[in-house]
Structures are given as C-alpha cells and as structure tokens.
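Step one of this worksheet: look at the structure below.
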Amino acid sequence: MDSIFSNKIWLAPIAGYTNSVYRKICKSFDADVVISEMISADALIHRNQKTKILAEFDEAERPIGLQIFGNDAKKIAEGIKILRDFQPDFIDINMGCPIKKIVKNGSGAALLKDLSKIKKIVSSAIKVIDNKFALTIKIRSGWNSDENLFEIVKIIESEGASGIIFHSRTRLQMFAGKCNWNLIKKVKQKTKIPIIGNGDIKIPEDAKKMFEQTNCDSIMIGRGAIGNPWIFSQIKNYLQNNSYNQILDSEKIEMILLHFQKMSEKYGSKTSLKSIRKFVPYYTKGICGASKLRQMCNQTDDEEKFIKNLLDFKKHLENE
Ligand SMILES: Cc1cc2nc3c(=O)[nH]c(=O)nc-3n(C[C@H](O)[C@H](O)[C@H](O)COP(=O)(O)O)c2cc1C
C-alpha cells in the first residue's frame, strides 16, 4: 500500500460528524486517509454494542484508522485487541481531546500531564499491534503549556509509534485562539517519524501554507471539512495548479440532500434527520437567505417537508 503518511490529506476525527457516511462522502472528494470518531476503551471492553458500531467501516473508506481513548495502558491495549478484529489500516490513540467529560477521567489531553503513562500506553499498544498495522498518536502541544512537548514526542517516537498527529494548541486553549504552526515545524525537525499537521486549515491556501511553513509530512482537516467535503479535491488542485473551483450554492444544497439520503439508508430517516440538521449551518454558511432555510430545517420532524424545503431553496438559488 502507498504510504498513508506522505503528502496526504487526512480527514480529522470529529465526534458526532465523521461517521462512515460522511467519511465516504469526503473520500469521494479525494480525502486520502480517514479516522473513526473516538471510541472508548472501557466501552469496548464492556462490549457496548453502540460503541462497536463506531468502529464499523466500509472497504471504500480505506485507508482508515480507528481511534481509541482511555486512561489506562492495559485497558487501551485490551480495547485495541477488540479493534484489531475490524482490521483497520491503523490505530490512533487520542491524547488530545480537551472536553471536561473526557479529561476528568484522565483520558484525552489529560494524558499529556503524565509522561510515564504515555510511555506505558504506547509501549503496550505496540505489543498488541504486533506489526499488523500502524499506530499513530494524536496529541496537542500540552496541557497548560508546551513545556513537555518535545519530551512527549520523543517518548512516542522511541516507543515505536509510526506517526504523530499534532494539533498545535494546548488543552487550555480548547479550540480558541490560533494554532502555533511553528511548533509543528519544530516537532518535524526533531523527529524521524511522520508528522501529520493539524489545526486551522479552512481553505486550500491554508493547506499549502501548512506544508510550506512546517514541512510536515501530511495534513489533517477537521472543522474546515464539515459541510465542505469539496475541500480535499480543492486542496489537491491548488497544490498542483495554484487554482481551484468554487462550489455553487445550489451544489451545496444538493449535497445536503445526498448526505441525508445516504444517512437515511444506513441509519434510518429519524436519526438521520437529527444528524443532518447539525450539518445544515455548515453547508449553508454564507449563502444569502439561508437563515430561513436553517430555521425551517430545525423546526420540522417530517422527512418529506425537510426535503421539500431544500428542493424549493435549491430551485430559488438556480433561478436567481
Ligand atoms: C465537535 C468536535 C469533535 C471532535 N472530535 C474529535 C475526536 O473524536 N477525536 C479527536 O482526536 N479529535 C476530535 N476533535 C478535534 C479535531 O480532530 C481536530 O484536531 C481539531 O478540530 C483541530 O483541527 P481543525 O482546526 O482542522 O478543526 C473534535 C473537534 C470538534 C470541533
């Protein structure tokens, strides 16, 4: 298989958004690598059915990683054993999630405070993986500051991880402020394993800047890809030809309809209606007159009405 690490454009894991359907939509627009939403090691061990659904994927999604989170090396290794049966291309361990519910249990970004635990987690994960597939670790630059960053990166590399996905904000920053891309550059300089740069890529121009400014091996797009699956092919065009096509507003509405249809086929229309509502503001951002559409989409529980609203709005856009 072509390396997943060099010059690739990855879709970030975004819990509540990047399910199998959306990952496939992004793949259809040239995303190279995708990852599942984060999956709890504890829940996997307790054989929670809902959790196992998070690990399911289609062959069309490859190369795909399954992301696990937890607060204990043994449990994470046990969880990876369960994920092994799904035969992903790689496993990713979440050491970056900043949300309270996760860090109060010592998982996600809370691990960045405990260097010996990081060492244990990576070394036991490597043993379980047994060279069957790659292991990546997704980190932030630290808890309150970046003072331990290079030590953390050194531990991850020396314990044998295949790559590091680096979102260059501290936990304290949550999702606010600007990412410090200079730290990505420094981490790249100090390591031999591939670095996937992540944070604040919203338009193709940002992607080019991230490659140029940090020399990272691959890049990962999160929020910039929500309601904007075209960003992957736009980035590729921009990197090759310095230009890319703009997406018509009517195409965006068409994509909401397709996205909803694909989700309904997989998860049923009731669940999908709830789920697609979260995407509508992203797909329709900046479209003139879309606030009324968003309101209507939020208010209806009726699948037919929902579809009609979108079709009417699309017609209106095409007649403008
Ligand atoms: C709503 C939301 C959910 C997220 N879920 C996950 C997750 O499940 N696992 C993970 O590693 N990161 C998760 N992230 C973080 C993103 O993967 C990414 O690192 C972060 O948003 C920075 O990249 P961006 O600026 O391209 O969005 C989430 C972010 C958001 C906003």
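Do we have I256 as within 16 Å of the ligand (Cβ to nearest atom), assigned to a helix (DSSP H, G or I), at pLDDT 95 or above and closer than 15 Å to C26 by Cα here? Considered against the rule, which asks whether it is within 16 Å of the ligand (Cβ to nearest atom), assigned to a helix (DSSP H, G or I), at pLDDT 95 or above and closer than 15 Å to C26 by Cα, I256 comes out as no. Scanning segment 214-253 for residues that are in contact (Cβ under 8 Å) with a residue 40 or more places away in the chain, within 15 Å of the chain's Cα centre (by Cα) and in a helix (DSSP H, G or I) yields R223, A225, I231, F232.
Per the conditions (1) surrounded by fewer than 16 Cβ atoms within 10 Å (Cβ to Cβ); (2) away from the ligand (no atom under 14 Å from the Cβ), the sole criterion not satisfied by M174 is (2).
Cβ-Cβ distances below 8 Å connect the following pairs, each with a first residue in segment 188-206 that is assigned to a loop (DSSP other than H, G, I, E, B) and open to solvent by 20 Å² or more (accessible area, probe 1.4 Å), a second residue that is away from the ligand (no atom under 16 Å from the Cβ) and modelled with pLDDT of 95 or more, and a separation of six or more residues or different chains: K192/E157; I193/E157; I193/S162; P194/F5; P194/S162; P194/D217. State whether one or more residues within segment 130-137 are in a loop (DSSP other than H, G, I, E, B), open to solvent by 10 Å² or more (accessible area, probe 1.4 Å), of a type in the set (A, V, I, L, M, F, W, C) and at pLDDT below 95. Looking through segment 130-137, at least one residue is in a loop (DSSP other than H, G, I, E, B), open to solvent by 10 Å² or more (accessible area, probe 1.4 Å), of a type in the set (A, V, I, L, M, F, W, C) and at pLDDT below 95. Annotation note: Cβ proximity below 7 Å between a residue of segment 32-51 that is in a helix (DSSP H, G or I) and open to solvent by less than 30 Å² (accessible area, probe 1.4 Å) and a residue that is away from the ligand (no atom under 15 Å from the Cβ) and not polar (S, T, N, Q) (sequence gap 6+ or interchain) occurs for A41/K75; A41/E78; L44/I82.
Residue-level check: of (1) touching a strand residue (DSSP E or B) at 6+ places or on another chain (Cβ under 8 Å); (2) under 17 Å from A43 (Cα atoms); (3) within 13 Å of the ligand (Cβ to nearest atom), I80 misses just (3). Just one residue in the set I196, I226 is within 12 Å of the ligand (Cβ to nearest atom), of a type in the set (A, V, I, L, M, F, W, C) and closer than 20 Å to Y22 by Cα; that residue is I226. D249 satisfies every condition listed in (1) within 16 Å of the ligand (Cβ to nearest atom); (2) under 28 Å from L293 (Cβ atoms) except (1). Looking only at segment 259-312, which residues are outside any helix (DSSP H, G or I) and either touching a residue at least 60 places away in the same chain (Cβ under 8 Å) or under 27 Å from the mean Cα position of the chain (by Cα) (or both)? Matches in segment 259-312: G268, T284, K285, G286, I287. Within segment 73-98, being open to solvent by 10 Å² or more (accessible area, probe 1.4 Å), assigned to a helix (DSSP H, G or I) and not small (G, A, S) holds for K74, K75, E78, K81, I82, R84.
The values are calculated or read from the model by the stated rules, or taken from the named source; none is laboratory data. Because the structure is a prediction, the values reported are computed rather than measured. When we count neighbours, we look across all protein chains shown, and the Cβ atoms used for this are built from the backbone with ideal geometry, even at glycine. Side chains are part of the model used for accessible areas, which takes the heavy atoms of the whole protein and leaves out ligands, DNA and RNA. Shrake-Rupley method; radii C 1.70, N 1.55, O 1.52, S 1.80 Å.
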